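The values are calculated or read from the model by the stated rules, or taken from the named source; none is laboratory data. Bear in mind the structure is a predicted one, so any value in this text is a computation, not a measurement. Cβ coordinates were reconstructed from backbone atoms using ideal geometry, including for glycine residues, and neighbour counts include every protein chain displayed.
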Amino acid sequence: MNKKIAISGASGFVGRSVGRFLAETGYQTISLVRKNRANFGRTIISKDLAEKNLSRQLGGFLAFLHFIGTGRQTAEHDYETVNVGLTRNAISLCKRAGIRKIVYLSGLGVDKKSNLGYFISKFKAEQEIIRSGLDYTIFRPSYIMGRGDPLSKMLSDQIAAGSVVVPGSGKYRLQPILVHDVAQVVAKSIHGKHFSRKIIDLVGPQTVTYDRFVRDLVGKAKIRHVEFEQAYHEALVSRDSQFGVDDLSILVGDYVGSHRRLANISKMTFTGYREMLKACSLS
Ligand SMILES: NC(=O)c1ccc[n+]([C@@H]2O[C@H](COP(=O)([O-])OP(=O)(O)OC[C@H]3O[C@@H](n4cnc5c(N)ncnc54)[C@H](OP(=O)(O)O)[C@@H]3O)[C@@H](O)[C@H]2O)c1
C-alpha cells in the first residue's frame, strides 16, 4: 500500500503532531517547511510550495496534508497571500506531482456569508480545493488542544504575566478537540471513502463556555474579566497583544459544530473533555 504523505506546515502545532503520529504508524512523510527540520520523516525546505523541483520529489505520493495557515495577518503576510495563495500553490503542486488527495484544515464558523477576513480567506481556500478536481477532505476545526497548542500557550503566557484574561462575559462557547484524536481522524481521512469530497466539523464531544474552559484549564491561577472594548482596543493597537482582533471575533462568534457527524463518519470514540484537559500543557 502507498503510504507516502506530504505535509505542509509540518513545523506547526498540528503538523508536528499529525506528522509524528503518521511516522509512528508506518507512513513515510515528507515535511515541507520554510525553516528548520521536522523531527520525523524527511524534510524539504520550501518558501512557498512553488519551487520547480518539488513535484519530482513528491511524485507518486498518496496525499498532501495542507496545514499552512495563519490566524493573524501582518502587512508582510496577509490572509490572501498565506491562506489563499499558498493553498493555490499546494493544489498546483499536487497536480504536477500526480497527488490525488488533499486534506485541508479550514476553520469552524467558515461560511460563504461571513464578513470576517480570516473566514473569508479560509472560505476562498476551501473553494479553490473543491474546484480543483482533486479528491479532498476539508476539516473545520474548533480549538485543537494538546501539549504545545496555541491556546494553552497563550494562557500560560497570561499566567506568567500575572492573570488570565477573559474578554467580556466569557459565555461564548467552544468545542475543543484533542490533537491525538485529530491525528487519527486525519489518518483515516487519507484512505476512508466516507471522507471523500466532504467538509467536516472537527469538534470534540462537548461544548463549553470560554469562562468555564479557562477555569478548568488554569486551575488556581488568577482570572480577570476585562471589558470587551478594552481587550479589542489592545488587540487593535498592539502586535504583542495576547489576543488578535480576529481571535476575539472567533471567540465571541460562539461557533459549535456537529460532533455526531464526525463520530459517524470516522467511527471513532473521541477523548472526553476531562481527559482532554489532562493532556494539555497546563494541567
Ligand atoms: N490549532 C487550532 O486550534 C486550529 C483551529 C482551527 C484551524 N486551524 C488551522 O490548522 C492549520 C494548522 O494550525 P496550527 O495550530 O498547527 O498552526 P501553527 O502552529 O501556527 O502552524 C502554522 C504552520 O503554517 C506555517 N506558515 C504560516 N505562515 C506561513 C507562510 N507565510 N509561509 C509558509 N508557511 C507558513 C508555519 O510555519 P513556521 O513554523 O515556519 O512559522 C507553521 O508550520 C492552520 O491552517 C490553522 O488555521 C488550527
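When the helices (runs of 4 or more DSSP H) confined to the range 1-106 are screened for residues that are under 15 Å from the mean Cα position of the chain (by Cα), those reaching at least 3 such residues are found at 13-24. Given the criteria touching a Leu at 6+ places or on another chain (Cβ under 6 Å) and either near the ligand (Cβ under 9 Å from one of its atoms) or not assigned by TED's automatic domain parsing to the domain that holds Leu151 (or both), does Leu49 qualify? Judged against the criteria, Leu49 is a match. Evaluate the range 112-134: report whether one residue or more is crowded, with 22+ Cβ neighbours inside 10 Å and not in a helix (DSSP H, G or I). Within the range 112-134, none of the residues are crowded, with 22+ Cβ neighbours inside 10 Å and not in a helix (DSSP H, G or I).
State whether the residues of the range 210-217 include one that is modelled with pLDDT under 95, farther than 21 Å from Phe67 by Cα, within 15 Å of the ligand (Cβ to nearest atom) and not small (Gly, Ala, Ser). Checking the range 210-217: at least one residue is modelled with pLDDT under 95, farther than 21 Å from Phe67 by Cα, within 15 Å of the ligand (Cβ to nearest atom) and not small (Gly, Ala, Ser).
Once the range 73-102 is narrowed to residues that are within 11 Å of the ligand (Cβ to nearest atom) and within 24 Å of Ser196 (Cβ to Cβ), the residue that is surrounded by the fewest Cβ atoms within 10 Å (Cβ to Cβ) is Asn89.
Scanning the range 170-224 for residues that are assigned to a loop (DSSP other than H, G, I, E, B) and within 17 Å of Ile144 (Cβ to Cβ) yields Gln175, Pro176, Val203, Gly204, Pro205, Gln206, Thr207. Using the structure shown, decide if Lys3 is charged (D, E, K, R), touching a residue at least 24 places away in the same chain (Cβ under 8 Å) and over 25 Å from Gln127 (Cα atoms). In short, yes.
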